[in-house]
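The values are calculated or read from the model by the stated rules, or taken from the named source; none is laboratory data. Remember, it's a predicted structure, so these values are computed and weren't measured experimentally. In this analysis, Cβ positions are derived from the backbone assuming ideal geometry, glycine residues included, and neighbour counts consider all displayed protein chains. Surface accessibility is based on the protein's heavy atoms, side chains included, excluding ligands, DNA and RNA. Shrake-Rupley method; radii C 1.70, N 1.55, O 1.52, S 1.80 Å.
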Amino acid sequence: TEFPIISMKAEPGLERYIPPRHGTLKLNIIDGFQQKPTYRVISDSDRKCIDLLASQSGDIVTMTAYGVQSYKIRLSEAKGIVATMLKETNNKSLIMGKVLPQVATADEARKLLSKTLKGSKTEICRIRREMGNIARPILGNPDGYYSLDLSDPTDRLCLTRLLEISKTRAHFRSAKSVLGYGVLGDCSQKGNWSNFRNEIFRGRHVTLSTEFASPMPRSGKLEFDFVSERRCQKDDLILSDARVITILIQLYQLRQDERSLTLKRLQKSKLHTDRTLHGDGRTVYECPSKRSKEISNFMAQFYDNLAARHVQIEGQKQFEKVTHYEGIDERIAEMEQDGHLNQRSAANLLRILSLKDIKDVNNIIVEIAIEEPKKNMMRKSIDPMNFSHITPKSTARGHTSRSSHVMEEHVEEEYHHFEEDDGSDADSEEAANDVLQDHLISKLIAESISSNHDNSTVVVPKEMSPKKAEKSLDDWMRRYVRVVASTNNTNHAKAAKILEVLVEAFEYSFFMARHLELMVDLFQDYGCTPTSEFFGTYRVELIVSLFGSVVDLHNFEIVLRRLTPLEAACVYCRIGWLHLYNPMKPQGAYELDLSRREERIVLKTITTLSTHEPGENFMEVNFRWERNMDPMPGFELTVPWMTEEGLPHKGLFYVYYYAGEGKGKKGCKPAIRLRKSMLHLVLIDEEEIVNELDRDKHDRQVTLVGESHLKANLSMWYGYLAYNEEEYKKLKSAKDTITTASDKKKGKK
């Protein structure tokens, strides 16, 4: 029987190799880690044969896993294989760990997991935790930080899958280059088209590539960040403003009465960002001078301490442990047992626990909408004075409150009553306020439970009154409420839980930058808790995890503006400058380290724009060789800086770039065609920068002017922006030949 020989296409210009008739040929076969466009999948008949052999062997799980390990499995066959394995064992974690890596696509892997676990979010998250790092690339969201033990087969498989994703994405981006395969579009940290960043192996810096994994080390701790460059495709659904708000309400990040205000905020943000689409100098946000320098300093700390990253992160994880003590946890348990813990009552509970100080108490409206309690459920189950230990630091979300004259009168009465009974002096005023607040919160919680019996002191909006009994919370949401509402859990534990819930809700969807900005803003209370000293907070983890879901990366500055300088620096270090930078809106302050490839490219775009766009572009500019040195006096950007040879390979370059605010101020006039051509250096595509209404049109035609401008100025690109010495010499030689021929013709005339 003859079998077809699988061969790869050779590079053009290479001669065909014909092996000799005799001798010994030694070959080294190396895995290229690139996913093939076509691959072998198991058919239904193959699955039946595997099931038959596995049942005869006596160890169904092991033999079935062995039978499918070299093939991809479609969803229909995967269901049958899982059903066969379940006949032998109920250990679904073991089964998923063997079957999921072989499923053909991430979408089908998620469907299989949901089908097997009957949609239980609690079980899905448990399986994901037990599977470890491998779950993220298998299920379709590989972005984030990894710490792999290469002596663990599961972690080795995880690294293999990430290498496959990296090499495959590199191939597709290389093929999109308008100047030939692999010339433009490399957004990697080291110029190797890799999705890996900040790699540390056994405490030393390494470069993850096929050479590192051929063969893969058998032991050692490997750490890195991974950015998959996942982008929204034309047929992908994008979440609307209303849908995002609904999800955030269900997750208790927003209240129901905040829906309209939040919708207006998102619409206003959309209008502001739409005005900046044309690259005419208008922006929503420009980084100020002081902030840019702080970001640069924090970035230096990030890179200088990479070797200690694992120790710092593991040290902080001990604070994420969830604890349950007597107190509020028992009260929540009682509400669960009596059937009163539903979405509305949970929202009210978290709302009340979000009180921060006396001013908040004096302005709050307690929105009560708990179902009719049982007849024996008065103040017996929940004694108001048992809540006196509640502290205002346990915030479930922001401290937005509403005013009410009725509530103010009630609170003022309580305040005067407390003042008469308390004999503390001025020195203990702060302590008295804390006790007062605990007292008021205790009464508010007690009244919220018994509000259906006596609501004379509580305002109940008509639109909030329930028309029918709400469903009780499922186990997933009950755990979430218990962790966040408990006053005994640390901010780290609460932040980790909120992060888990937000990522689980949005990681496989696509949404706009303004939606991520809203999440980051709402997550401020707990999200600003640090996960380590130099490597970010829980808000940074949220942004990194959901970065691949953002559709309009050209508006990402509205997300960065909500971050502290430390958080912004960590986002730049973990995601990368070329994944975030938008040449269409370069306005603002930058302090760039010329020893780093990404920041050199950003500087090249800014200096090139300054020479092609008229007006006073450089509002401020200076340069220093070391971070601890003063700037060079009288520094000016000179011609040598506009060449690859003259641009220094170290030092800190600071500049504030100005473009006239879209009004031509100070003689500025943006070169829009040049700016669009520079999009070929970053992750943003020119065709993505469109109005949202136009994005939904399947027959829309976008005129891409950036590519034509690029091809008309090849010397600038080969000689500087995308430096290629060989191509630049060829281009220069061709121009010299044309010039010489033209001069000869003129001489003859």
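What the table below lists for this structure:
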read-out	value
Residue satisfying condition, being at pLDDT 95 or above and either in contact with a Phe, Trp or Tyr (Cβ under 7 Å, 6 or more places away or on another chain) or open to solvent by less than 10 Å² (accessible area, probe 1.4 Å) (or both), within set Leu566, Leu560, Leu647	Leu566
Every pair of residues 6+ apart whose Cβ atoms lie under 7 Å, when the first sits in region 276-303 and is among the hydrophobic types (A, V, I, L, M, F, W, C) while the second is open to solvent by 60 Å² or more (accessible area, probe 1.4 Å)	Val284/His272; Ala300/Arg627
Lone unmet requirement of (1) out of contact with any Asp or Glu (no Cβ under 8 Å at 6 or more places or on another chain); (2) buried (at least 18 other Cβ atoms within 10 Å of the Cβ); (3) of a type in the set (Val, Ile, Thr) for Val639	(2)
Index of the failed condition, Tyr590 passing every other in (1) in a helix (DSSP H, G or I); (2) closer than 26 Å to Gly281 by Cβ	(1)
Search result, residues across region 653-689 that are assigned to a loop (DSSP other than H, G, I, E, B) and open to solvent by 20 Å² or more (accessible area, probe 1.4 Å)	Tyr658, Lys663, Gly664, Lys669, Pro670, Ala671, Asp685, Ile689
Subset of region 475-495 (residues that are buried (at least 23 other Cβ atoms within 10 Å of the Cβ) and touching a Phe, Trp or Tyr at 6+ places or on another chain (Cβ under 7 Å))	Lys494, Ala495
Qualifying residue in region 538-546 (condition: touching a residue at least 60 places away in the same chain (Cβ under 8 Å), more than 16 Å from Glu504 (Cβ to Cβ) and either out of contact with any strand residue (DSSP E or B) (no Cβ under 9 Å at 6 or more places or on another chain) or not small (Gly, Ala, Ser) (or both))	no
Selection count, region 138-153, where residues are open to solvent by 10 Å² or more (accessible area, probe 1.4 Å), within 23 Å of Thr105 (Cα to Cα) and under 24 Å from the mean Cα position of the chain (by Cα)	2
Test: residue in region 298-312 that is touching a Ser or Thr at 6+ places or on another chain (Cβ under 6 Å), outside any loop (DSSP other than H, G, I, E, B) and surrounded by 15 or more Cβ atoms within 10 Å (Cβ to Cβ)	yes
Residue among Asn582, Asn628 that alone is closer than 25 Å to Gly660 by Cβ and either open to solvent by 40 Å² or more (accessible area, probe 1.4 Å) or assigned to a loop (DSSP other than H, G, I, E, B) (or both)	Asn582
Elements of type strands (runs of 3 or more DSSP E) contained in region 119-238, each with 3 or more residues being in contact with a strand residue (DSSP E or B) (Cβ under 9 Å, 6 or more places away or on another chain), among the hydroxyl-bearing types (Ser, Thr, Tyr) and touching a residue at least 60 places away in the same chain (Cβ under 8 Å)	144-149
Close pairs from region 97-111: first closer than 13 Å to Arg161 by Cβ and touching a residue at least 60 places away in the same chain (Cβ under 8 Å), partner of a type in the set (Val, Ile, Thr) and part of a helix (DSSP H, G or I), Cβ under 8 Å, at least 6 apart	Pro101/Ile134; Pro101/Ile138
Residues being modelled with pLDDT of 75 or more and either open to solvent by 80 Å² or more (accessible area, probe 1.4 Å) or closer than 30 Å to Ile165 by Cβ (or both) - total across region 20-48	13
Test: residue in region 165-173 that is within 24 Å of Glu314 (Cβ to Cβ) and open to solvent by less than 40 Å² (accessible area, probe 1.4 Å)	no
